[in-house]
Amino acid sequence: MNLLSLYQQMKANPMAVLQSRYQIPPNMTNPNDIIQHLLNSGQVSQAQVNRAMSMRNDPMVQQLMR
Amino acid sequence: MKYLSSIGSERRKIMAYNPYFPYYSQQYQPQQSQQIQSTGLISVRSIDEAMRYPVAPGNSVTFKDETAPYVYTKTMGFSQFDRPVFEKYRIIKEETEEETKEEVHHECGCKSLKSEVEQLKKRVKEIEDEFIEFISANESKSDGGASK
């Protein structure tokens, strides 16, 4: 799979690409459920999740979200 | 990566291509004795947010409520099928030594003032009684003289 096709797939259906890449069940759409699945399968660590979840408090992120 | 280099190349190949083996990342930790791992304090806006927070098996996360004086902990067992243990703690301010000393000092000051006032009252009463006795003694003397 080359980069161009990956880019096209991501543009068309990003969720499908991520689901196949990280072995996420297709019916799983809730973000918390997806994170829990990634934690259970060991694909991400608790520290990574904590860092990601605390990004909402980051002033730079808050500025970007406005 | 250190772990990868320490195992044989054959085993590495098996681990790389075995579909039953979970996703192999640089963050992979070899299984050690099972101990609950704790992380730092996470800020949450409500107890619901803490209850919904994703926690990995064998981990414990501590939360600080931004809107109320509570701390929550969510602990996941080592099995994915274990229900998480959720605990809620209330934060109570403990008075410091300086604050207690100040209070005691303040109390002592009041107490000594009170006792002084009581003593003065007692003394005034004694003087009053003496005065009354003196007057009545004088009156009886003068009455006795007048009657003669």
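Given their separation in residues at 0.36 nm each and the Cα-Cα distance between them, residue A:9 and residue A:32 gain 5.9 nm when the chain is fully extended.
For chain A, the solvent-accessible area of protein heavy atoms averages 75 Å² per residue (probe radius 1.4 Å; ligands and nucleic acids excluded). Here the calculated FRET efficiency for residue B:36 and residue B:110, from their Cβ-Cβ distance with R0 = 41 Å, stands at 0.20, rounded to the nearest 0.05. For chain A, the share of accessible area belonging to carbon and sulfur comes to 62 percent (1.4 Å probe, ligands and nucleic acids excluded). Here's how it looks for residue B:43: its modeled amide H is under 5 Å from those of B:64, which are all 5 or more places away or on a different chain. Could you state the number of Å between the C-alpha centres of region A:38-66 and region B:41-102? Here the answer is 19 Å between Cα centres. The accessible area of residue A:56, taken with all protein chains in place and a 1.4 Å probe, comes to roughly 70 Å². Both chains summed, the buried accessible area for A and B stands near 1500 Å², from protein heavy atoms and a 1.4 Å probe. Give the shape of chain A as rounded, prolate or oblate, defined through the alpha-carbon gyration tensor: a ≥ b ≥ c are the square roots of its eigenvalues, a/c under 1.5 means rounded, and otherwise the shape is prolate if a/b is larger than b/c and oblate if not. Verdict is oblate for chain A. At a threshold of 10 Å², the residues of region B:33-56 that become less accessible to a 1.4 Å probe in the full protein assembly than in their chain on its own are B:39, B:42, B:43, B:45, B:49, B:52, B:53, B:54, B:55, B:56.
The values are calculated or read from the model by the stated rules, or taken from the named source; none is laboratory data. Here the structure is a predicted model, which means the values were calculated and not measured. As a convention, Cβ positions derive from the backbone with ideal geometry for all residues, glycine included, and neighbour counts pool all protein chains shown. Each accessible area value is taken on the protein alone, full model and side chains, heavy atoms only, with ligands, DNA and RNA left out. Shrake-Rupley method; radii C 1.70, N 1.55, O 1.52, S 1.80 Å.
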